[in-house]
Amino acid sequence: MSKTAQNYYEILELSTGANQDTIERMFRYLATKHHPDAGGDKEKFSFLVKAFENLRDPVSRATYDAKLQQEQKDNAGLAEHARQAGPDTADRHELLCLFYARRRQNENSPAIGTLTIEKMMKLPTEVLSFHLWYFREKGWIKREENGGFAITAEGVDRVEASEMAMNHHLRIESCSAAPDPAAAIPMTHSGAMTAAIPTPHAF
């Protein structure tokens, strides 16, 4: 069963523990409701028939159930990977900065091999492959003749744009955290402003 295959239990509106009588009863009900002769959708009806044919036979159902369980396990792993989107963003920025630094350090040999990157970044092979694929699709890196990868001009622009954006964000935060100048001016009991008294420098 492919990852895009229909779930036969969902099509027949059944739980995975449904018995044969329930399967047949639900099929008759849904087939009557969605039959093309009664104005139902032809494609939906064909899905109902296919689902019923696979679940009515104990052997084919057992085979399908095993594949369904494996797909559910795969989907659980997929959800776990999805939760890594945040850390992935930080890893990609660091990785692209690594290519940037290499290009600045050694213009004549700017490429870095994947094994070297794995050791430096401590990233699993499949995660690194994903990041490299993303960079290549964006045009931020390219493969050199020696087999390694090197940053492109577009990649350099991306790194510098990211750094400028982060610095701008930090400046905004710094301004937001600055104390109100008026709060530093002493007040008299009557509410009038008084001259600030300078404090002596520590020796």
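Every read-out reported here was derived from the displayed coordinates using simple, explicitly stated rules and does not represent laboratory data. Source: prediction; values computed, not measured. Virtual Cβ from ideal backbone geometry, glycine too; neighbours counted across all protein chains shown.
Ordered by the number of other Cβ atoms lying within 10 Å of each residue's own Cβ, fewest first, Tyr8, Tyr100 fall into the sequence Tyr100, Tyr8.
When the chain is fully extended, how far beyond the present Cα-Cα distance does Arg25 get from Glu163, taking 0.36 nm per residue of separation? If you can, show how the numbers build up before the last one.
Values: separation 138, 0.36 × 138 = 49.68 nm, distance 6.31 nm.
Separation in residues times 0.36 nm, less the Cα-Cα distance, equals 43.4 nm.
For the pair Thr89 and Val156, label points projected 7 Å from Cα toward Cβ lie 2.7 nm apart. Annotation: lysines with alpha-carbon distance below 21 angstrom to Lys44 (same-chain offsets under eight excluded): Lys3, Lys33.
Counting beta carbons within 10 Å around each of Met26, Met120 and listing the fewest first gives the order Met120, Met26. The lysines whose alpha-carbon is closer than 26 Å to the alpha-carbon of Lys142, local same-chain residues fewer than 8 away aside, are Lys119, Lys122.
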